[in-house]
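J.: Attaching a single structure in structure tokens format; questions to follow.
The values are calculated or read from the model by the stated rules, or taken from the named source; none is laboratory data. All values reported here derive from a predicted model rather than from experimental measurement. Neighbour counts run over all protein chains shown; Cβ positions are idealised from the backbone, glycine included. Note: areas computed on protein heavy atoms with side chains; ligands, DNA, RNA excluded. Shrake-Rupley method; radii C 1.70, N 1.55, O 1.52, S 1.80 Å.
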Amino acid sequence: MSVPIKSGTGAAYARILGFGGYRPARVVTNEEIIQNIDSSDEWIQARSGIVTRRWANAEETVQAMSVAAAGKALANAGIQADQVGAVIVSTVSHLYQTPAIATVIADELGAKGAAAFDISAACAGFCYGVGLADGMVRTGSAEHVVVIGVERLSDLTDHHDRSTAFIFADGAGAAVVGPSDTPGIGPVVWGSDGSQARLITQQESWHQAFHTEGGAQWPHLRMEGNPVFRWAVWEMARVAQQALDAAGVSTDDLDAFIPHQANMRITDAMVKALKLPAHVRVARDIAQQGNTSAASIPLAIERMQESGELKSGETALIIGFGAGLAYAAQVIKLP
Ligand SMILES: CC(C)(COP(=O)(O)OP(=O)(O)OC[C@H]1O[C@@H](n2cnc3c(N)ncnc32)[C@H](O)[C@@H]1OP(=O)(O)O)[C@@H](O)C(=O)NCCC(=O)NCCS
């Protein structure tokens, strides 16, 4: 039949209406980390900027941390759970293959019947989620979307591996995306380079891990820090600039730069490569929080909002990058 079909129509524009975060209670110092690896507090601080990080306890599950962060984001947005049409959870450390943890989180939040799914885009996951939510609100497939970035990377870290033991951490961050009369989320610039997938990867499949000679072995994350560092600094500064250009925003117009909190030296190098003016406030949550992958950007924004460093209506550039290698960046208006 040649009958025409209707396409979805939603809001003219979308924006982020509120952020929320959850930081596990237990603070882990570099002194504790170096009980397992040949390193020092000085080396870790100088090479990564990390002073402390937080690790979740048994009760601070992916679900519990997500519900806490999303509940805070909904309250900050002034949106009720029954107004939520979709829940997107970005995580690589929910240790069940199925079902998606998003369905259970939506139910616990009270977003009954909401579309709910997980995405696996590692440290780019929050920006991937915001990109998806922006499109969903504008095409009308959901009026309000909760985007959650959540990790319990301490479960996947080899605490005796000196190249990763000090980096990865746990936490959850969330945002509520909804309709807007004016543009609040710029075009997403995103992509991937699977030819470099080996640079950050779970070392073996679950199947291989269970069938290891001599007994099951936990499949930890492995990372080649040096090439990841170079890729992040050079390629990601270019992607960040593309996101600014796509939004029609110059570095002079920018109020804040919130990159994925991978490593303080990566952040410093990106600030330099982008020639950001001194007035641009830069997220440095990694010092207290470590690298929480998909959670790092909303957690960093929440800290800056709570300390009064960010104000409503200001313009921020966010960029996530990591395993995949996957990346995504966009300019946003702060709620
Ligand atoms: C991990 C990282 C901090 C390591 O820093 P680096 O300067 O690249 O370190 P290198 O691997 O080149 O090692 C430099 C030296 O420190 C030593 N070293 C490595 N790990 C160490 C540790 N934990 N403690 C002390 N010394 C260490 C190395 O043996 C090497 O010694 P050498 O010069 O005598 O050979 C850095 O590569 C990085 O941040 N990479 C990106 C990480 C990241 O963002 N990952 C997530 C992406 S989302």
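J.: Could you tell me the center-to-center distance, by alpha carbons, between region 138-207 and region 1-47 in angstrom?
T.: Cα centres, region 138-207 to region 1-47: 6 Å.
J.: Where in the chain are the DSSP H helices whose C-alpha atoms run 30 Å or more along the long axis and whose mean Kyte hydropathy is at least -0.5? Mind showing how you got there, number by number?
T.: Values: long enough: 225-247 (31 Å, 0.07).
Correct list, ordered by number: 225-247.
J.: Would you list, by chain and number, the lysines whose Cα falls below 27 Å from the Cα of Lys275, excluding same-chain residues fewer than 8 positions away?
T.: Filter leaves Lys311, Lys333.
J.: Net charge near Val271: determine it from the other residues with C-beta under 12 Å of the C-beta of Val271, scoring Lys and Arg +1 and Asp and Glu -1.
T.: So the surrounding residues net to +4.
J.: Springs between alpha-carbon pairs under 10 angstrom, Gaussian network model over the chain: which of Val62, Val28, Val147 fluctuates most?
T.: Most flexible of the set in this elastic network: Val28.
J.: What does the charge add up to near Trp218, with Lys and Arg as +1, Asp and Glu as -1, over the other residues with Cβ less than 13 Å from its Cβ? Show your work: numbers first, answer last.
T.: Numbers: positive: Arg222; negative: Asp155, Asp158, Asp161, Glu204.
It works out to a net charge of -3.
J.: Summing +1 for each Lys or Arg and -1 for each Asp or Glu, what net charge is found among the other residues whose Cβ lies under 14 Å from the Cβ of Asp41?
T.: -1
J.: Here is a follow-up. Take every Cα pair under 8 Å in the chain that's 6+ residues apart, average their separations, divide by the length, and report that relative contact order as a whole percent.
T.: Computed over the chain, the figure is 26 percent.
J.: What base-10 log of the normalised intensity I(q)/I(0) is obtained for the chain from the Debye formula, alpha carbons as equal point scatterers, at q = 0.08, 0.15, 0.16 Å⁻¹?
T.: Values returned for q = 0.08, 0.15, 0.16 Å⁻¹ are -0.35, -1.23, -1.40.
J.: Among 297-304, 285-292, 242-249, how do they line up by average Cβ neighbours within 10 Å per residue, starting with the highest?
T.: 297-304, 285-292, 242-249
J.: Shifting gears a bit: Starting from 0.36 nm per residue, how many nanometres of slack lie between Ala287 and His160 once their C-alpha separation is accounted for?
T.: Gain on stretching Ala287 to His160: 43.6 nm.
J.: Cα centroids of region 242-278 and region 67-136: how far apart, whole angstrom?
T.: The distance from the Cα centre of region 242-278 to that of region 67-136 comes to 27 Å.
J.: Here's another thing I want to ask about it. Per residue of the chain, what 222 nm ellipticity follows from adding -39500 (n - 2.57) for every DSSP H run with n ≥ 4, rounded to the nearest 500? Provide the component values of the computation, followed by the final result.
T.: Values: 10 runs with 105 residues, N = 335.
Result for the chain, helices only: -9500 deg cm²/dmol.
J.: Which of the GluC sites (Glu not before Pro) found in region 45-136 are in a DSSP loop and have at most 12 neighbouring Cβ atoms, other than their own, within 10 Å?
T.: Values: sites: Glu59, Glu60, Glu108; in loops: Glu59, Glu60.
Of the GluC sites (Glu not before Pro), the ones in loops of region 45-136 whose Cβ has at most 12 other Cβ atoms within 10 Å are Glu59.
J.: What is the percent carbon and sulfur in the accessible area of region 189-333, measuring with a 1.4 Å probe over the protein chains and ignoring ligands?
T.: Carbon and sulfur: 51 percent of the exposed surface of region 189-333.
J.: Compute, for Ser39, the solvent-accessible surface of its heavy atoms (probe 1.4 Å) with the complete set of protein chains present, and express it in square angstrom to the nearest 10.
T.: So the heavy atoms of Ser39 present about 40 Å² to solvent.
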